[in-house]
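Notes follow the structure.
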Amino acid sequence: MKRKVLAYIIRNDNTQLLVFWHKHYPEAGLQVPAGTVEDGEEPLAALFREVDEESGLSQLTLIRHLATEPFYAEAKAEWQERNVFHLQAPDNLPESWLHIVKAGDEDEGLHFEFSWSSLSEAKATLSGGQGHWLDRINT
């Protein structure tokens, strides 16, 4: 089973979630920073590595671990262990930005367009089951 991490990066008193679109692959849908835990890597280390690679953000505060659960990823036809984390973003981030991934075998060179979404909108529109644990943010 592949081990994955998923980052719910929140701002404005838990009312806005950081989301992104693939600029060149919009069919991938709306997503949050996420990725694969490498061999020998702890999920928390993978979380901060993936967030930095995909968004360029490194000054985030870990609020808490929300879940470690099996999840069937239909698009990839595989079972995954998803490790889901709640992080707090600094208040001074822009409303939107473009980040070009500079690391990671699969994502290097991809263009990600980041913005903020309400939690309810994100829960309804995130692809690949990524909104499954959003209700746990305020519990």
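Per-structure values
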item	result
Gaussian network model of the chain, springs between alpha carbon atoms under 10 Å - residue of Ala124, Ala34, Ala67 with greatest fluctuation	Ala124
Relative contact order [Cα under 8 Å, 6+ residues apart], the range 2-136, whole percent	32 percent
Local net charge near Thr61, Cβ-Cβ under 12 Å (Lys/Arg +1, Asp/Glu -1)	+1
GNM top mover of Arg64, Arg49, Arg11 - the chain, alpha-carbon springs below 10 Å	Arg64
GNM result for the chain, Cα springs below 10 Å: residue of Gly29, Gly40, Gly129 fluctuating most strongly	Gly40
Which listed pairs, of Lys2/Lys76; Lys23/Lys102; Lys76/Lys123, have C-alpha distances above 18 Å, in listed order	Lys76/Lys123
Alpha-carbon centroids, the range 14-32 and the range 94-124: separation in whole Å	5 Å
Counted charge near Lys123, where neighbours are those whose Cβ lies closer than 15 Å (Asp, Glu -1; Lys, Arg +1)	-1
Proximal charge balance of His22 [Cβ under 11 Å; K/R count +1, D/E count -1]	-3
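FYI, it's all coordinate maths here, none of it is from the lab. Small disclaimer: the values here were computed from a predicted structure and weren't measured. Virtual Cβ from ideal backbone geometry, glycine too; neighbours counted across all protein chains shown.
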